[in-house]
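K.L.:
Before we start, here is the structure in question, set down as structure tokens.
The values are calculated or read from the model by the stated rules, or taken from the named source; none is laboratory data. Being a predicted model, the structure only gives us computed values, none of them experimental. All Cβ positions, even for glycine, are placed from backbone atoms using ideal geometry, and neighbour counts span all protein chains on display.
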Amino acid sequence: MKLNRLFLLALVLFVASAVSAQDLISATELAKISKNEDVVIICATSEANYKVHITGSANVPHSDLYKGTPAEAYINSPAEMAKVLGAKGVTTDKTIVVYDEGSAKYAGRLYWILKYLGAPNVKMLDGNLKGWKAKRKPITGSPTNVVAATFTAKADAGQLATMDEVKKAVGNSSYVLVDARKPDEFGGTAESKTLTRKGHIPGAVNVNHETVLDDKGLLKPNDALKALFEAKGITKDKTAIVYCETSVRAGVVYLALKGLGYPNVKVYDGAYLEWQTTASNKVE
């Protein structure tokens, strides 16, 4: 019986990968394997937004993985994050499917964190909870009973950019800095209660994280994403460093780039919030 379940899981994931290069799984595909013991489904939103969730999913709010310094959403140590994940039954030997309420920014954030921690098989639910509901798949208001497990973190430093590397990237043709905020934030015209210096890191290009999704909240097709990125000068021969104000929104852009086969993509976890607080750093 277990072999049959494993075969079904492998078949579904093979079909998913053939359709799209991204680490995505559709609502229909997830529904087929959601009860498999080798699959764990994680809601990345707050406890308040978890009140209605995918049946069988556990809640790991993305904010539970932060230490808050040197920037607001700066991630905790791998060991501390592993404790939080393990307590919710998340292990690296399972297929981990992440989702949020529909914006993809919280799911994308958790996706990147899990990839940074070395989880080998992580998927994001395409369309997230919004897409799941549209397909009339089962939801519940009852919390999922989870069995604590051991999450073995093997942090991959190649997924994370420090402020020192971002300084090196400014004006360096082998890098491209990708700002995932909205255009008015990028341009410094948006109101802000947290920033002392509005604008963006010098030389960065703006790819609003919302533009990688279609009007249904699904990730856009590969050809559309390829055109979007290449129009901004984001090419595979460069190391792409993605950030936003806190880098929560950077994750879904990271996922889209990696799905297209970009070999060197990182997230600047300190984000613009950290960058602009250092007086010696220039801003545009």
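K.L.:
Among the residues of the stretch 161-179, which ones are in contact with a strand residue (DSSP E or B) (Cβ under 6 Å, 6 or more places away or on another chain) and either hydroxyl-bearing (Ser, Thr, Tyr) or not in a helix (DSSP H, G or I) (or both)?
P.N.:
161, 175, 176, 177, 178, 179
K.L.:
Residue under question is residue 84, and the condition is that it be β-branched (Val, Ile, Thr) and surrounded by fewer than 17 Cβ atoms within 10 Å (Cβ to Cβ); does it hold?
P.N.:
On the way: β-branched (Val, Ile, Thr): yes; surrounded by fewer than 17 Cβ atoms within 10 Å (Cβ to Cβ): yes.
So residue 84 passes the test.
K.L.:
Taking the options 233, 217, 259, name whichever one is of a type outside the set (Val, Ile, Thr), in contact with a strand residue (DSSP E or B) (Cβ under 8 Å, 6 or more places away or on another chain) and crowded, with 17+ Cβ neighbours inside 10 Å. Let's see the steps before the verdict.
P.N.:
On the way: 233 fails: crowded, with 17+ Cβ neighbours inside 10 Å; 217 fails: in contact with a strand residue (DSSP E or B) (Cβ under 8 Å, 6 or more places away or on another chain).
From the options 233, 217, 259, the qualifying one is 259.
K.L.:
Let me ask another. When you check residue 245 against the structure, is it part of a helix (DSSP H, G or I) and modelled with pLDDT of 95 or more, yes or no? Steps first, answer last, please.
P.N.:
Numbers: part of a helix (DSSP H, G or I): no; modelled with pLDDT of 95 or more: yes.
So residue 245 fails the test.
K.L.:
Could you list, in sequence order, the residues of the stretch 104-134 that are surrounded by 18 or more Cβ atoms within 10 Å (Cβ to Cβ) and either outside any helix (DSSP H, G or I) or of a type in the set (S, T, N, Q) (or both)? Before you say what the answer is, go through the steps one by one.
P.N.:
If we filter the stretch 104-134 for residues that are surrounded by 18 or more Cβ atoms within 10 Å (Cβ to Cβ), which is where we start, we get 104-117, 119, 122-132.
Passing the criteria: 104, 117, 119, 122, 123, 124, 125, 126, 127, 128.
K.L.:
Out of the residues in the stretch 47-76 meeting the condition of being surrounded by 15 or more Cβ atoms within 10 Å (Cβ to Cβ) and modelled with pLDDT under 95, tell me which one is farthest from residue 27 (Cα to Cα).
P.N.:
Checking each candidate, the answer is 71.
K.L.:
Could you tell me which of the residues 33, 54, 96 is hydrophobic (A, V, I, L, M, F, W, C) and under 28 Å from residue 271 (Cα atoms)? Outline the logic, then answer.
P.N.:
Working: 33 fails: under 28 Å from residue 271 (Cα atoms); 54 fails: under 28 Å from residue 271 (Cα atoms).
Just a single option satisfies the conditions, and that option is 96.
K.L.:
Can you tell me how many residues in the stretch 194-227 are over 19 Å from residue 105 (Cβ atoms) and of a type in the set (D, E, K, R)?
P.N.:
4
K.L.:
Can you tell me which residue within the stretch 54-102, out of those that are touching a helix residue (DSSP H, G or I) at 6+ places or on another chain (Cβ under 7 Å) and among the acidic types (Asp, Glu), is nearest to residue 246 (Cα to Cα)?
P.N.:
72
K.L.:
Let me ask you something else. So which residues in the stretch 135-159 are polar (S, T, N, Q), within 23 Å of residue 50 (Cβ to Cβ) and assigned to a loop (DSSP other than H, G, I, E, B)? Walk me through how you get there before you give the answer.
P.N.:
Keep residues of the stretch 135-159 that are polar (S, T, N, Q), which gives 140, 142, 144-145, 150, 152, 159.
Then keep just the ones that are within 23 Å of residue 50 (Cβ to Cβ); that gives 140, 142, 144-145.
Scanning the stretch 135-159 gives 142, 144, 145.
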